[in-house]
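In what follows, a single structure is set out as structure tokens and then discussed.
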Amino acid sequence: MIIGQQSQAPLVPVNANRVKLARTYRREWVFFVGPTFLFLIITGIFPLIASIYTGFFQTRRGEQHFVGFTHYKWALNNDVFWTSTLNSFIFTGGTVIGHLLIGLTFALLLNSAKSMQSFWRGLQFIPWLFPPAAVSILWILIYQGQFGLLNSLLRDIGLGSWAIDWLGQPSSALAAVTIASIWNWYPFLTLVLLAALQNVPDDLYEAMDVDGGSAWDKFRLVTLPHLAPVMLTACLLDFFWTFRFFDMTWIMTKGGPGRSSEVLATYLYKLAFQEYRFDRAAAVGGLILLMMAVLTGLYLVAYRYVENLSGRQTAAPHAS
């Protein structure tokens with residue numbers, strides 16, 4: 001026996017460990033992704049396929065008959081469908097623009113706050129804490145024609161002639177619901193834009209100070225280019241969520257008076273659960289899906305353009 005010689009265990013190759021670890025990951029990812037994927041299929045993909053399928057059939061005497069694009073043609077030739085579509089875009093566009101303007105304003109103010117930042121930030125998210133049903137009841141009380149807060153305030157300041165039934169007039173019903181929706185959901189844009197503002201490098205603002213840039217120059221050349229991609233993505237998500245919004249419009253006006261505040265969500269609901277024309281409702285849902293697909297394509301094009309443009313503009317302060 002040789003003195004000082006030590007027995008060593010056989011070394012496992014590093015590549016073998018990597019292969020074993022990779023095999024383990026391939027087996028385990030199923031347990032994490034599988035339930036989520038199954039839930040998505042059951043609650044999302046399967047109902048979507050069933051809805052599209054229903055739009056091509058009509059039930060007669062308990063039997064389904066293939067009718068092709070008949071229901072789609074009916075929807076496209078229906079004036080109520082186009083009225084609801086126009087109202088949906090007006091309601092959604094007004095809501096998203098309101099969210100963006102108010103959210104950007106508050107995000108800039110909160111980002112520049114010198115004291116009590118946590119308090120002011122928490123205060124901004126109070127409207128977001130209330131469910132749309134509660135917000136709808138709150139704004140119904142505000143808009144109430146005889147004893148509502150809004151009309152009482154108008155009478156107190158000598159503008160009693162402006163006091164109307166805001167939810168009962170065709171000219172004001174959709175705008176009234178839009179304002180309530182803006183108030184309920186603007187904190188979402190505030191939160192997203194505030195997070196984006198905190199990621200803007202401070203040295204860019206310092207470079208603008210050295211160059212003698214004004215506050216407007218800082219916003220135009222530094223802040224806005226950094227926020228543009230985030231703003232575009234947040235506005236698209238906000239647009240999708242608002243476009244399918246149902247509960248607030250239904251609780252406050254039920255699409256009335258007449259069809260003045262009818263949006264596609266309430267129109268689809270009435271077709272399915274009041275007229276029991278699930279086939280026509282499915283066709284309307286298919287057209288909504290097509291609209292969202294087109295908007296998604298436009299978003300992808302716009303996002304690439306804005307990202308390239310913001311990249312060139314953010315390089316300008318460094319170049320100077």
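Answer yes or no as to whether Pro170 is under 25 Å from Phe239 (Cα atoms), in contact (Cβ under 8 Å) with a residue 60 or more places away in the chain and either in contact with a Ser or Thr (Cβ under 7 Å, 6 or more places away or on another chain) or exposed (fewer than 15 other Cβ atoms within 10 Å of the Cβ) (or both). Judged against the criteria, Pro170 is a match. Based on this model, can you work out whether Ala228 counts as under 17 Å from the mean Cα position of the chain (by Cα), among the small types (Gly, Ala, Ser) and open to solvent by 20 Å² or more (accessible area, probe 1.4 Å)? Criteria met by Ala228. If you check Leu38 against the conditions, is it open to solvent by 60 Å² or more (accessible area, probe 1.4 Å) and closer than 29 Å to Ile182 by Cβ? Criteria not met by Leu38.
Leu150 meets the conditions (1) farther than 22 Å from Ser260 by Cβ; (2) open to solvent by less than 60 Å² (accessible area, probe 1.4 Å); (3) among the hydrophobic types (A, V, I, L, M, F, W, C); (4) modelled with pLDDT of 90 or more in every case but one. The failed one is (1).
Identify, from the list Leu189, Leu237, Leu193, Leu204, the residue that is in contact with a Pro (Cβ under 8 Å, 6 or more places away or on another chain) and among the aliphatic types (A, V, I, L, M). Only one candidate passes the filter, namely Leu204. Test Phe91 against the stated conditions and say whether it is under 30 Å from Thr223 (Cβ atoms) and modelled with pLDDT under 95. In short, no. Restricting segment 185-201 to residues that are touching a helix residue (DSSP H, G or I) at 6+ places or on another chain (Cβ under 7 Å), of a type outside the set (Phe, Trp, Tyr) and in a helix (DSSP H, G or I), the residue that is most open to solvent (accessible area, probe 1.4 Å) is Val192. Filtering Phe125, Phe130 for residues that are closer than 14 Å to Trp183 by Cβ, touching a residue at least 24 places away in the same chain (Cβ under 8 Å), hydrophobic (A, V, I, L, M, F, W, C) and in contact with a Ser or Thr (Cβ under 8 Å, 6 or more places away or on another chain) leaves a single hit, Phe125. Only one entry in Leu236, Leu268 is buried (at least 22 other Cβ atoms within 10 Å of the Cβ) and either under 19 Å from Thr70 (Cα atoms) or under 22 Å from the mean Cα position of the chain (by Cα) (or both), namely Leu268. Does Phe91 count as in contact with a Phe, Trp or Tyr (Cβ under 8 Å, 6 or more places away or on another chain), closer than 18 Å to Leu189 by Cα, open to solvent by less than 40 Å² (accessible area, probe 1.4 Å) and aromatic (Phe, Trp, Tyr)? Yes. More than 25 Å from Thr249 (Cα to Cα), surrounded by 14 or more Cβ atoms within 10 Å (Cβ to Cβ) and of a type in the set (A, V, I, L, M), is that true of Leu108? Spelling it out, Leu108 is indeed more than 25 Å from Thr249 (Cα to Cα), surrounded by 14 or more Cβ atoms within 10 Å (Cβ to Cβ) and of a type in the set (A, V, I, L, M).
The values are calculated or read from the model by the stated rules, or taken from the named source; none is laboratory data. Just so we're clear, the structure is a prediction, and the values are computed from it rather than from any experiment. Glycine gets a Cβ as well: all are built from the backbone with ideal geometry, and neighbour counts include every protein chain shown. Just so you know, the surface numbers come from the protein's heavy atoms only, side chains and all, with ligands and any DNA or RNA stripped out. Shrake-Rupley method; radii C 1.70, N 1.55, O 1.52, S 1.80 Å.
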